[in-house]
Amino acid sequence: MPTFFVERRNISGDTALLSGTEAGHMLRSLRLAAGDSFFAFDEEGNRYRMRILEATSRSLRAEVLESSPPEPPPDVEITLLVGLPKADKMDFILEKATELGCSRVVPFRSSRTIPRLTPREAGRKRLRWERVALAAAKQCGSGRVPEISELVSFPEALSIGSRSAGRIVFYEGVGRSGLKPVLAGMGTSESISLLIGPEGGFSEEEVREAERAGFVRAGLGQRILRVETAALAAVSMVAYHFEADR
(Lines give C-alpha, C1' and ligand atoms only; values in the text may rest on other atoms or scores of the structure.)
Protein backbone atom coordinates (compact mmCIF):
# COMPACT_ATOMS: atom_id res chain seq x y z
CA MET A 1 0.00 0.00 0.00
CA PRO A 2 1.19 3.57 -0.64
CA THR A 3 2.42 5.76 2.22
CA PHE A 4 1.47 9.40 2.79
CA PHE A 5 2.12 12.24 5.23
CA VAL A 6 -0.60 13.55 7.56
CA GLU A 7 -0.21 16.41 10.01
CA ARG A 8 -0.82 15.35 13.60
CA ARG A 9 -3.22 18.24 14.16
CA ASN A 10 -5.47 16.81 11.43
CA ILE A 11 -6.00 13.55 13.32
CA SER A 12 -8.87 13.60 15.79
CA GLY A 13 -9.77 10.41 17.58
CA ASP A 14 -10.08 7.68 14.97
CA THR A 15 -10.46 9.93 11.93
CA ALA A 16 -8.03 12.00 9.91
CA LEU A 17 -8.36 14.74 7.31
CA LEU A 18 -5.94 14.96 4.37
CA SER A 19 -5.95 17.82 1.89
CA GLY A 20 -3.69 19.73 -0.47
CA THR A 21 -0.89 17.96 -2.32
CA GLU A 22 -1.25 14.67 -0.45
CA ALA A 23 -4.97 14.36 -1.11
CA GLY A 24 -4.52 15.43 -4.74
CA HIS A 25 -1.89 12.76 -5.33
CA MET A 26 -4.05 10.09 -3.70
CA LEU A 27 -7.26 10.98 -5.49
CA ARG A 28 -6.12 12.14 -8.92
CA SER A 29 -2.81 10.40 -9.55
CA LEU A 30 -3.39 7.08 -7.77
CA ARG A 31 -7.18 7.23 -8.12
CA LEU A 32 -7.84 5.99 -4.61
CA ALA A 33 -11.48 6.08 -3.53
CA ALA A 34 -13.71 5.39 -0.54
CA GLY A 35 -12.89 1.99 0.91
CA ASP A 36 -9.24 2.00 -0.17
CA SER A 37 -6.56 1.64 2.52
CA PHE A 38 -3.19 3.34 2.83
CA PHE A 39 -0.33 3.92 5.27
CA ALA A 40 0.59 7.31 6.71
CA PHE A 41 2.98 8.92 9.18
CA ASP A 42 2.97 12.27 10.97
CA GLU A 43 5.71 14.79 11.74
CA GLU A 44 6.59 12.92 14.95
CA GLY A 45 7.10 9.66 13.07
CA ASN A 46 3.95 7.95 14.37
CA ARG A 47 2.67 5.45 11.82
CA TYR A 48 -0.90 4.65 10.80
CA ARG A 49 -2.96 2.34 8.65
CA MET A 50 -6.03 4.17 7.38
CA ARG A 51 -9.05 3.65 5.15
CA ILE A 52 -10.75 6.35 3.09
CA LEU A 53 -14.28 7.07 4.29
CA GLU A 54 -15.23 9.85 1.89
CA ALA A 55 -13.52 12.12 -0.60
CA THR A 56 -14.14 15.34 -2.50
CA SER A 57 -12.05 16.82 -5.31
CA ARG A 58 -9.76 18.55 -2.80
CA SER A 59 -9.73 16.53 0.42
CA LEU A 60 -10.59 13.24 2.02
CA ARG A 61 -11.59 11.89 5.40
CA ALA A 62 -10.09 8.62 6.57
CA GLU A 63 -10.59 6.18 9.41
CA VAL A 64 -7.57 5.27 11.53
CA LEU A 65 -7.52 1.46 11.59
CA GLU A 66 -4.19 1.02 13.39
CA SER A 67 -1.52 3.24 14.88
CA SER A 68 2.01 2.47 16.02
CA PRO A 69 4.84 4.51 17.57
CA PRO A 70 7.80 5.77 15.54
CA GLU A 71 10.26 3.17 14.30
CA PRO A 72 13.25 2.69 16.61
CA PRO A 73 16.10 5.16 16.10
CA PRO A 74 19.08 3.97 14.04
CA ASP A 75 22.06 2.41 15.82
CA VAL A 76 24.11 5.49 14.97
CA GLU A 77 22.92 9.02 14.26
CA ILE A 78 24.54 10.04 10.98
CA THR A 79 24.99 13.67 9.99
CA LEU A 80 25.99 14.05 6.35
CA LEU A 81 27.88 17.29 5.67
CA VAL A 82 28.17 17.63 1.90
CA GLY A 83 29.65 20.30 -0.35
CA LEU A 84 26.91 21.72 -2.57
CA PRO A 85 27.16 19.95 -5.97
CA LYS A 86 26.12 21.18 -9.39
CA ALA A 87 22.70 20.82 -11.02
CA ASP A 88 20.21 18.55 -9.23
CA LYS A 89 22.73 16.14 -7.72
CA MET A 90 21.71 17.27 -4.24
CA ASP A 91 18.22 15.92 -4.88
CA PHE A 92 19.68 12.49 -5.57
CA ILE A 93 21.91 12.64 -2.49
CA LEU A 94 18.99 13.62 -0.27
CA GLU A 95 16.72 10.94 -1.66
CA LYS A 96 19.23 8.15 -1.05
CA ALA A 97 20.45 9.54 2.28
CA THR A 98 16.85 9.45 3.50
CA GLU A 99 16.43 5.87 2.36
CA LEU A 100 19.67 4.92 4.15
CA GLY A 101 18.54 6.45 7.44
CA CYS A 102 20.55 9.67 7.74
CA SER A 103 19.41 11.83 10.63
CA ARG A 104 20.63 15.14 9.23
CA VAL A 105 21.95 16.52 5.94
CA VAL A 106 23.91 19.78 5.88
CA PRO A 107 24.84 21.32 2.51
CA PHE A 108 27.75 23.76 2.68
CA ARG A 109 29.87 26.14 0.59
CA SER A 110 33.64 25.72 0.51
CA SER A 111 36.46 27.22 -1.54
CA ARG A 112 35.88 24.85 -4.48
CA THR A 113 32.10 24.85 -4.48
CA ILE A 114 30.93 25.64 -8.01
CA PRO A 115 27.27 26.76 -7.57
CA ARG A 116 27.01 30.26 -6.12
CA LEU A 117 23.48 30.79 -4.83
CA THR A 118 21.92 33.99 -3.58
CA PRO A 119 20.16 33.77 -0.20
CA ARG A 120 16.82 33.73 -2.00
CA GLU A 121 17.92 30.92 -4.32
CA ALA A 122 19.29 28.96 -1.36
CA GLY A 123 15.97 29.35 0.46
CA ARG A 124 14.05 27.99 -2.52
CA LYS A 125 16.50 25.10 -2.81
CA ARG A 126 15.99 24.18 0.83
CA LEU A 127 12.22 24.02 0.39
CA ARG A 128 12.75 21.71 -2.59
CA TRP A 129 15.21 19.55 -0.64
CA GLU A 130 12.69 19.16 2.20
CA ARG A 131 10.07 17.98 -0.31
CA VAL A 132 12.54 15.51 -1.82
CA ALA A 133 13.37 14.06 1.60
CA LEU A 134 9.69 13.77 2.54
CA ALA A 135 8.90 12.01 -0.75
CA ALA A 136 11.80 9.60 -0.20
CA ALA A 137 10.58 8.79 3.33
CA LYS A 138 7.12 8.03 1.97
CA GLN A 139 8.51 5.92 -0.87
CA CYS A 140 10.52 3.68 1.47
CA GLY A 141 7.77 3.46 4.08
CA SER A 142 9.75 5.23 6.79
CA GLY A 143 8.36 7.69 9.29
CA ARG A 144 11.77 9.31 9.69
CA VAL A 145 12.56 12.38 7.59
CA PRO A 146 16.08 13.77 8.02
CA GLU A 147 16.58 17.33 9.17
CA ILE A 148 17.66 19.41 6.15
CA SER A 149 19.86 22.34 7.08
CA GLU A 150 20.02 25.63 5.26
CA LEU A 151 23.08 26.15 3.05
CA VAL A 152 25.94 27.05 5.42
CA SER A 153 29.58 28.09 5.20
CA PHE A 154 32.41 25.60 5.64
CA PRO A 155 33.24 26.80 9.20
CA GLU A 156 29.55 26.52 10.12
CA ALA A 157 29.48 22.97 8.75
CA LEU A 158 32.47 22.07 10.93
CA SER A 159 30.72 23.56 13.95
CA ILE A 160 27.61 21.46 13.30
CA GLY A 161 29.73 18.35 12.77
CA SER A 162 31.59 18.91 16.03
CA ARG A 163 28.42 18.00 17.94
CA SER A 164 28.90 14.36 16.93
CA ALA A 165 31.04 11.97 18.93
CA GLY A 166 32.76 10.65 15.79
CA ARG A 167 33.90 12.86 12.89
CA ILE A 168 35.39 11.86 9.54
CA VAL A 169 36.55 14.01 6.63
CA PHE A 170 36.83 12.13 3.35
CA TYR A 171 39.86 13.16 1.36
CA GLU A 172 41.66 11.68 -1.63
CA GLY A 173 44.99 13.33 -0.83
CA VAL A 174 47.93 12.30 1.32
CA GLY A 175 47.73 11.40 4.99
CA ARG A 176 44.45 9.55 4.84
CA SER A 177 43.68 6.16 6.38
CA GLY A 178 41.25 3.53 5.17
CA LEU A 179 37.70 3.91 6.46
CA LYS A 180 37.68 0.52 8.17
CA PRO A 181 40.48 1.24 10.69
CA VAL A 182 39.13 4.74 11.30
CA LEU A 183 35.71 3.34 12.22
CA ALA A 184 37.29 0.62 14.35
CA GLY A 185 39.00 3.33 16.37
CA MET A 186 35.70 5.04 17.14
CA GLY A 187 34.33 2.23 19.28
CA THR A 188 30.57 2.39 19.75
CA SER A 189 29.94 6.05 18.92
CA GLU A 190 26.25 6.89 18.95
CA SER A 191 26.64 9.81 16.56
CA ILE A 192 28.97 10.47 13.66
CA SER A 193 29.46 13.29 11.15
CA LEU A 194 30.69 12.58 7.63
CA LEU A 195 32.31 15.47 5.74
CA ILE A 196 32.22 15.15 1.94
CA GLY A 197 33.67 17.78 -0.38
CA PRO A 198 32.08 19.27 -3.53
CA GLU A 199 33.08 18.34 -7.11
CA GLY A 200 36.42 20.13 -6.74
CA GLY A 201 37.19 18.39 -3.46
CA PHE A 202 38.81 20.00 -0.42
CA SER A 203 41.95 22.07 -0.31
CA GLU A 204 44.70 20.84 2.02
CA GLU A 205 44.07 23.83 4.29
CA GLU A 206 40.38 22.94 4.58
CA VAL A 207 41.30 19.39 5.58
CA ARG A 208 43.67 20.74 8.22
CA GLU A 209 40.90 23.04 9.46
CA ALA A 210 38.60 20.02 9.72
CA GLU A 211 41.25 18.14 11.67
CA ARG A 212 41.52 21.01 14.13
CA ALA A 213 37.76 20.59 14.64
CA GLY A 214 38.27 16.92 15.55
CA PHE A 215 37.73 15.27 12.17
CA VAL A 216 39.86 12.28 11.12
CA ARG A 217 41.02 11.83 7.51
CA ALA A 218 39.74 8.76 5.69
CA GLY A 219 39.53 7.52 2.11
CA LEU A 220 37.05 5.43 0.15
CA GLY A 221 39.55 3.40 -1.86
CA GLN A 222 41.87 4.12 -4.76
CA ARG A 223 39.31 5.62 -7.13
CA ILE A 224 38.23 9.25 -7.11
CA LEU A 225 34.45 9.19 -6.68
CA ARG A 226 31.84 11.71 -7.71
CA VAL A 227 30.40 13.64 -4.77
CA GLU A 228 27.07 11.82 -4.94
CA THR A 229 28.78 8.43 -5.08
CA ALA A 230 31.15 9.27 -2.23
CA ALA A 231 28.32 10.54 -0.02
CA LEU A 232 26.18 7.44 -0.41
CA ALA A 233 29.11 5.03 -0.17
CA ALA A 234 30.21 6.66 3.08
CA VAL A 235 26.74 6.63 4.62
CA SER A 236 26.17 2.99 3.61
CA MET A 237 29.52 1.81 4.99
CA VAL A 238 29.16 3.67 8.27
CA ALA A 239 25.58 2.51 8.85
CA TYR A 240 26.56 -1.09 8.11
CA HIS A 241 29.61 -0.93 10.39
CA PHE A 242 27.68 0.21 13.42
CA GLU A 243 24.67 -2.04 12.80
CA ALA A 244 26.96 -5.07 12.38
CA ASP A 245 28.77 -4.30 15.64
CA ARG A 246 25.66 -4.12 17.83
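The values are calculated or read from the model by the stated rules, or taken from the named source; none is laboratory data. Owing to the predicted nature of the structure, the values given are computational and were not obtained by experimental measurement. FYI the Cβ positions are ideal-geometry reconstructions off the backbone, even for glycines, and counts take in every protein chain you see. Heads up: the accessible areas ignore ligands, DNA and RNA and are worked out on the full protein's heavy atoms, side chains in. Shrake-Rupley method; radii C 1.70, N 1.55, O 1.52, S 1.80 Å.
Go through region 64-81 and report how many residues are assigned to a strand (DSSP E or B) and either in contact (Cβ under 8 Å) with a residue 24 or more places away in the chain or not acidic (Asp, Glu) (or both).
Summing the residues that are assigned to a strand (DSSP E or B) and either in contact (Cβ under 8 Å) with a residue 24 or more places away in the chain or not acidic (Asp, Glu) (or both) in region 64-81 gives 9.
Before we move on, is Gly45 at positive phi, assigned to a loop (DSSP other than H, G, I, E, B), in contact with a Pro (Cβ under 7 Å, 6 or more places away or on another chain) and at pLDDT below 95? Judged against the criteria, Gly45 is a match. If you check Phe92, Phe39 for being in contact with a Leu (Cβ under 9 Å, 6 or more places away or on another chain), open to solvent by 50 Å² or more (accessible area, probe 1.4 Å) and hydrophobic (A, V, I, L, M, F, W, C), only one passes: Phe92.
Only one of Ala230, Ala239 is farther than 23 Å from Leu151 by Cβ, touching a strand residue (DSSP E or B) at 6+ places or on another chain (Cβ under 7 Å), open to solvent by less than 20 Å² (accessible area, probe 1.4 Å) and at pLDDT 90 or above. Can you tell me which? Checking each option against the conditions leaves just Ala239. Scanning region 202-215 for residues that are surrounded by fewer than 20 Cβ atoms within 10 Å (Cβ to Cβ) and touching a strand residue (DSSP E or B) at 6+ places or on another chain (Cβ under 9 Å) turns up Glu211, Ala213, Gly214. Within region 82-108, being basic (Lys, Arg), at pLDDT 95 or above and outside any helix (DSSP H, G or I) holds for one residue alone: Arg104.
The residues of region 1-36 that are open to solvent by 70 Å² or more (accessible area, probe 1.4 Å), modelled with pLDDT of 90 or more and hydroxyl-bearing (Ser, Thr, Tyr) amount to a single one, Ser12. In region 115-143, of all residues being free of Cβ contacts under 8 Å to residues at least 24 places away in the same chain and assigned to a loop (DSSP other than H, G, I, E, B), the one that is most open to solvent (accessible area, probe 1.4 Å) corresponds to Arg116.
Please determine whether any residue of region 146-156 is touching a strand residue (DSSP E or B) at 6+ places or on another chain (Cβ under 8 Å), of a type in the set (A, V, I, L, M, F, W, C), surrounded by fewer than 19 Cβ atoms within 10 Å (Cβ to Cβ) and at pLDDT 95 or above. Yes, region 146-156 contains a residue that is touching a strand residue (DSSP E or B) at 6+ places or on another chain (Cβ under 8 Å), of a type in the set (A, V, I, L, M, F, W, C), surrounded by fewer than 19 Cβ atoms within 10 Å (Cβ to Cβ) and at pLDDT 95 or above.
Take the conditions in contact with a helix residue (DSSP H, G or I) (Cβ under 7 Å, 6 or more places away or on another chain), among the charged types (D, E, K, R) and open to solvent by 70 Å² or more (accessible area, probe 1.4 Å) and apply them to Arg58. Does it pass? Can you show your working first?
On the way: in contact with a helix residue (DSSP H, G or I) (Cβ under 7 Å, 6 or more places away or on another chain): yes; among the charged types (D, E, K, R): yes; open to solvent by 70 Å² or more (accessible area, probe 1.4 Å): yes.
For Arg58, the condition - in contact with a helix residue (DSSP H, G or I) (Cβ under 7 Å, 6 or more places away or on another chain), among the charged types (D, E, K, R) and open to solvent by 70 Å² or more (accessible area, probe 1.4 Å) - is met.
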